[in-house]
Structure formats: structure tokens, C-alpha cells
1. On the basis of being in a loop (DSSP other than H, G, I, E, B), surrounded by fewer than 21 Cβ atoms within 10 Å (Cβ to Cβ) and free of Cβ contacts under 8 Å to residues at least 24 places away in the same chain, does ARG239 make the cut?
2. Identify, from the list LEU112, LEU85, LEU97, the residue that is part of a strand (DSSP E or B), touching a residue at least 12 places away in the same chain (Cβ under 8 Å) and over 17 Å from ARG262 (Cβ atoms).
3. Filter the range 242-260 for residues that are surrounded by fewer than 24 Cβ atoms within 10 Å (Cβ to Cβ) and not charged (D, E, K, R); which is farthest from ALA18 (Cα to Cα)?
4. Of all residues being in contact with a Lys or Arg (Cβ under 6 Å, 6 or more places away or on another chain) and not hydrophobic (A, V, I, L, M, F, W, C) in the range 205-246, which is farthest from the ligand (Cβ to nearest atom)? Just the residue, please.
5. Being outside any loop (DSSP other than H, G, I, E, B) and out of contact with any helix residue (DSSP H, G or I) (no Cβ under 6 Å at 6 or more places or on another chain) is the filter here; which residues of the range 27-58 pass it?
6. Being among the hydrophobic types (A, V, I, L, M, F, W, C) and within 16 Å of the ligand (Cβ to nearest atom) is the filter; apply it to the range 145-187 and report the residue that is surrounded by the fewest Cβ atoms within 10 Å (Cβ to Cβ).
7. How many residues, within the range 210-236, are of a type in the set (A, V, I, L, M, F, W, C) and in a loop (DSSP other than H, G, I, E, B)?
8. Test each condition in (1) out of contact with any helix residue (DSSP H, G or I) (no Cβ under 6 Å at 6 or more places or on another chain); (2) within 27 Å of ASP7 (Cα to Cα); (3) of a type in the set (A, V, I, L, M, F, W, C) for LEU87 and report the one that comes out false.
Amino acid sequence: MRRVCQDGINYYVFEHLADQAGLSHAIFTRHGGVSHPPFATLNLSRSVGDVPEAVAENHRRATATLGIALERLCTSWQVHGAQALVLDQPNWGERPLPQADILLTNQPDVWLSMRFADCVPILLYDPVHQAAGLAHAGWRGTLAGAARAAVVAMSAAFGSRPADLLAGIGPAIGPCCYRVGPEVAEAFTRAFGPEATAWLRLADGGGPHLDLWESNRAQLVAAGVRQIEVAALCTAHLRHEFFSHRGERGRTGRFGVVIGLREGNG
Ligand SMILES: [Zn+2]
């Protein structure tokens, strides 16, 4: 990944996605906004207890940095599942938001956005059919097969071939920091069989640690995706850069991820 600094806002881009003329995307950091601790500063979540005006200003800044209109954003109520939603138009300001952890579009200037603090952002782009996808996968979503479901949903909605897709696995809590309970480890072993052993490692006396990066990468590979870039940035380690739910014991904000198709490049 590459870190971009623009107008006081820092964000990351995947190298292979940044090269695509028809696409824009950004993985924002916690810097460049107006929120106060524990949401300092670019918190994009309305549901963590931050001041609504600050969250609104943070959204204005983030979208302005990408040169997109705030009203062109789409999002969902993220519920840790594997349901996909195809969006043809923005739903900014709609309430209640639809529940979904996978958002897809093939419409230009419809910007998919989600919020993260340890869960895995999965970005997808089909340069052949001009379509984009964004998924949110914590342990529940990973267990539910969200990464694979996102690929299947892109194929169903747009005729995407997995081999054409460019995929990015964004900053999320790493195997270094993600200790899970034995019930989570058992659920993964039950769902994925022997393959899951590679994603679970035992730290010294610390119980199993789950590798969400690798389990989602493996799901994409199993779905036929070949071009995958993994950020390998641990949000719990990089608390100065990203929000981390685990790293900050639940009292924190959410950083935003945005992806969409530029008008006139399809
Ligand atoms: Zn870590």
C-alpha cells in the first residue's frame, strides 16, 4: 500500500487499484478530522458516541479530499454477516440504512463506504465490467464467508469473472494481536476444516490467535481471485494511525474506506 497526504488528510491506496483510471478508492486513517479523544480525529461513525457535527465535518473533509460529493455516498448498517447489496444510486442520509456487509455497484459516481476499527476491509474491482465492491469482515463475517460471498455476488450481479478481479485486503487487526476464545477457534475449524489450522496459531500461554488477513485471502483464492494485495497493517499495533476496537478497549472511532467508479472512464 501507499500512503497519500492531501489537504491535511492521510489515506492509503492499494498499488494495483491506484493504477486503474476508472476507479478511485481510499482507506482513511484517524488523522485530519475534528473529533476529540477517544474519537480523534477522523472518526466516520455515528454510532460510537461521537458528536454528530464532528462526524459530519469529518465526512465532508474525507469526500472533499477525493473530489466527490458527500451526497453521492452509499453505505449500510454493518451487521457482521455476508449479505450483499447492489446499489445503483447513493443512499446518503437514508434511515434506517439497509443491513449488509457487502456493497456492490457498477454505476459511476456511486461511492461505496464503510467504517472499520479492526475488522477487515475487502475491496474489489472488475476492470472488464467496470464494477466495484466493498466488504466488511470481522471474525463473524469471515466465518460466514463474506469474502467469498462478495466475489459470488459480483459474478451474479455483473458477470464478473473472479480471475479478472483486483482485490485488496486492507488494514485490520493482525494475527500478532488478535487473540480469540477457544469457541471462535473451534467454529473456524468446524467451518473450514484442516485449512483453518494455518490461520490459528498458539501464542505462548495466550490462547489462539486468529489470522483474519490470511483467512480472507484464502477465501478469495478459493473463489478464483488471483490478483490480491494484502496491506498486512495491524490496526491494533498502529493505533497512532488507525482506530482499533481491540487496541483501545472498545472506546474509539472508526476509519472510513471508500471505493467507486469515476464518471467518464467506463
Ligand atoms: Zn498487531
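1. On the way: in a loop (DSSP other than H, G, I, E, B): yes; surrounded by fewer than 21 Cβ atoms within 10 Å (Cβ to Cβ): yes; free of Cβ contacts under 8 Å to residues at least 24 places away in the same chain: yes.
Yes, satisfied.
2. Numbers: LEU112 fails: over 17 Å from ARG262 (Cβ atoms); LEU97 fails: part of a strand (DSSP E or B).
After ruling out the rest, the residue left standing is LEU85.
3. Start the filter on the range 242-260 by keeping residues that are surrounded by fewer than 24 Cβ atoms within 10 Å (Cβ to Cβ), which leaves 245-251.
Filter again for not charged (D, E, K, R), leaving 245, 247, 250.
Working: HIS245: 28, GLY247: 29, GLY250: 32 Å.
Here the residue is GLY250.
4. Result: GLN219.
5. From the range 27-58, those outside any loop (DSSP other than H, G, I, E, B) are 27-28, 52-58; that's our starting set.
Hits for the range 27-58 are ILE27, PRO52, GLU53, ALA54, VAL55, ALA56, GLU57, ASN58.
6. Taking the range 145-187 first, the residues among the hydrophobic types (A, V, I, L, M, F, W, C) are 146-147, 149-154, 156-158, 163, 165-167, 169, 172-173, 176-177, 180, 184-185, 187.
The next check asks that each one be within 16 Å of the ligand (Cβ to nearest atom); those that pass are 169, 172-173, 176-177, 180.
Details: ILE169: 25, ALA172: 29, ILE173: 29, CYS176: 13, CYS177: 16, VAL180: 17.
Selected residue: CYS176.
7. So the first thing to find is which residues in the range 210-236 are of a type in the set (A, V, I, L, M, F, W, C), and the list is 210, 212-213, 218, 220-223, 225, 228, 230-234, 236.
Retained after the next criterion (residues that are in a loop (DSSP other than H, G, I, E, B)): 223, 225, 231-233, 236.
Going through the range 210-236 one residue at a time, the tally reaches 6.
8. Exception for LEU87: condition (2).
Taken together, the values in this text are just the output of simple stated rules run on the coordinates, not laboratory data. Small disclaimer: the values here were computed from a predicted structure and weren't measured. Here the Cβ is made from the backbone with ideal geometry for all residues, glycine too, and neighbour counts use every protein chain on show.
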